[in-house]
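The next block holds one structure in the form of structure tokens; read it before the comments.
The values are calculated or read from the model by the stated rules, or taken from the named source; none is laboratory data. Just so it is clear, the structure is predicted and the values come from calculations on it, not from any experiment. FYI the Cβ positions are ideal-geometry reconstructions off the backbone, even for glycines, and counts take in every protein chain you see. The protein model used for the area step is the full one, side chains on, heavy atoms only, and it has no ligands, DNA or RNA in it. Shrake-Rupley method; radii C 1.70, N 1.55, O 1.52, S 1.80 Å.
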Amino acid sequence: MRSPTLSRRVFLKGSGGVLAGTLAFTAGPIALLAPSRSWAMPLDTLSTRQGDVLLGVAKQMFPHPGLEDAVYAHVVKSLDRKSAKGAMLGILHDGIVELDRSAGGDWLALNDAARLEHLAPLAGTPFFETIRGDAVVSLYDNPLAFAHFGYQGAEGDGGYLTKGFNDLNWLPDPPQPQGGYLPFEEPTA
């Protein structure tokens, strides 16, 4: 019995696209977390071009100078996962077609300012709102974004109560807390 040969190209064609890139900043906080400078993210539903366009749209919607494309790729991966079922794939497909049509063929070929000119009129459309709504969570709830912005992440179930955010030591005569002192606190006055 012969087994069919499966080339890399056939595999990629049949399994969706791939987002790939290289870290632009080799000395940044993201580079310190990454195992290598090159990255790749397989897509199950979207094509490579659709992924590239959505990555560009996410960068236009949430521009952060110096934020690596590898972080924006998490937005595309989230959209790809959600596109597997429901009407989202059609919404994204139609929006990408509209962007290309308004750009005269290839929205990705435009510079950043021109891309924004063609994206801005789509604000409020299902395409725009789908990406915006997903990106707010998938972009900013990401440890790589935390590293870029210097956010240390959530403190867990204990929250920030014991982290000094309720300290009033900076006042000359700090009032007693309304709920009383925490077990580890002592009145200073």
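Descriptive notes on the structure:
- Ligands, DNA and RNA are left out, and with a 1.4 angstrom probe the accessible area of the range 79-122 is 58 Å² per residue.
- Low-density loop positions, trypsin sites (Lys or Arg not before Pro), the range 80-132 - DSSP coil, at most 10 other Cβ in 10 Å: 85
- Only protein heavy atoms count here; on that basis, with a 1.4 Å probe, residue 62 has an accessible area of about 30 Å².
- Assigned charges on the beta-carbon of Lys, Arg, Asp, Glu; the range 52-189 dipole about Cα centre (debye): 400
- Near residue 21, once Lys and Arg are set to +1 and Asp and Glu to -1 for all other residues with Cβ below 9 Å from its Cβ, the sum equals -2.
- Environment charge at residue 95 (Cβ cut-off 12 Å; Lys +1, Arg +1, Asp -1, Glu -1): -2
- Cα→Cβ-extended label distance, 7 Å offset, between residue 137 and residue 40, nm: 2.9
- The slack between residue 181 and residue 111, meaning 0.36 nm per residue of separation minus the straight C-alpha distance, is 19.5 nm.
- Using C-alpha pairs under 8 Å with a sequence gap of at least 6, the mean separation divided by the residue count of the range 30-158 gives a relative contact order of 31 percent.
- Accessible area of residue 100 in the full protein assembly, 1.4 Å probe (Å², nearest 10): 20
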